[in-house]
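Working notes for the structure below.
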Amino acid sequence: MWNSPLATWKDSLSRYPDALNAREARQTKPGLVLLDQFIWQELSDKFVLRDSPHVNGDEYSSVLRWKLKRGKWRPRLQKFADETPNEEIVKASEASFAALRKGQTRQALSHLVALKGCGPATASALLAAFDETVPFMSDELLLEAQGEKKKYTVPAYLELVESVREKATELSKEDTGHNWTARDIEKAVFASRNLSGDQVSQKDAKLEHQKEGNGSSPTRKRRRTGADGGHGKVSSSAQNKDLIENASKDPENTNARAAGKPGKLSKDKPEEGRMLRRSSRKKS
């Protein structure tokens, strides 16, 4: 993809909505598409209206939900984001965006990664939402630009920023009808890798969907909770705002695998079965 002609890049960028829908279809809970609209449209509008651009606690949590639903779900990171005090988030993001406006990308990152649970990739999502000339450090973009050596570190991100900006400049010189940005590059790569040969097969998608219904514990069974706090299906009258806010409160890995019905011998413990049979013969 990286060395593909302009036509391929333009086609991939145009298919970003399709890739996003395909990604959401493989998840047990909706919300990715709405979160994506929030990140690139609503949040960008809010930045313009604020004297000192920043994100508040709710917005920070939404950005992280988007990042996790777009990639690999890590409930612990979402918990950290939801529990971080609003004042800390506002202060860190204000300082970060101010530094980015001065072209100080490293300093912009340092202000954000000081937040608990916020690594370079999460910080990049916030920076990308604020400024289209810096890319989101997605799995797809790292693989495309750096190959299997990809690292989620500050130096790796700074290197990625330069590579992506160079590619955007290269494509803009060739494309007289569009000024390519780092945001465009990331979206095009995301679409290419999710809708091409790197796309998850139907079988793998089914397995992924099944895994999303399992929790981290192999022995504890949890009750499935709807996005409205109840049990069962989500009301069809739920508003988009509620869907965005609750997109990850019942995350992809909601139900743990049951250990087995009581009274049955575990297939993974043949020794236990032999001991019980010997005990039964002695009693008889």
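What follows is calculated from the coordinates using simple rules that are stated; it is not laboratory data. The structure displayed is predicted, hence computed values, not measured ones. Heads up, the Cβs are rebuilt from the backbone with ideal geometry, glycines too, and the neighbour counts pull from every protein chain shown.
Among LYS29, LYS69, LYS91, rank each residue by its count of other Cβ atoms within 10 Å, from fewest to most, as a rough exposure measure. It would help to have the intermediate numbers written out before the result.
Working: LYS29 21, LYS69 24, LYS91 15.
Fewest-to-most Cβ neighbours within 10 Å comes out as LYS91, LYS29, LYS69.
Ordered by the count of other Cβ atoms within 10 Å of each Cβ, fewest first, MET1, MET137 give MET1, MET137. Charging the Cβ of each Asp and Glu at -1 and of each Lys and Arg at +1, and nothing else, the dipole of the range 71-175 about its Cα centre rounds to 440 debye.
Oblate is the label for the range 154-200, because the ratio a/c of its alpha-carbon gyration tensor axes (a ≥ b ≥ c) is 1.5 or higher and a/b is not greater than b/c. Computed from label points 7 Å out along Cα-Cβ, the spacing between GLN107 and ASP11 is 4.4 nm.
Assign one of three labels to the range 114-172, namely rounded, prolate or oblate, based on the Cα gyration tensor with a ≥ b ≥ c the square roots of its eigenvalues; rounded applies when a/c is under 1.5, prolate when it is not and a/b is larger than b/c, and oblate otherwise. Don't skip to the answer; put the middle values down first.
Numbers: a/c = 2.29, a/b = 1.30, b/c = 1.76.
It is oblate, given that a/c is not under 1.5 and a/b is not larger than b/c.
Charging the Cβ of each Asp and Glu at -1 and of each Lys and Arg at +1, and nothing else, the dipole of the range 75-133 about its Cα centre rounds to 220 debye. Going by the alpha-carbon gyration tensor, a ≥ b ≥ c the square roots of its eigenvalues, is the range 13-169 rounded (a/c under 1.5) or, if a/c is not under 1.5, prolate (a/b greater than b/c) versus oblate? Rounded, because the longest to shortest axis ratio a/c is under 1.5.
Here the residues ASP131, ASP184, ranked from fewest to most Cβ neighbours within 10 Å of their Cβ, fall in the order ASP131, ASP184.
Distances between placed amide hydrogens fall under 5 Å for ALA114 paired with no residue 5 or more residues away or on another chain.
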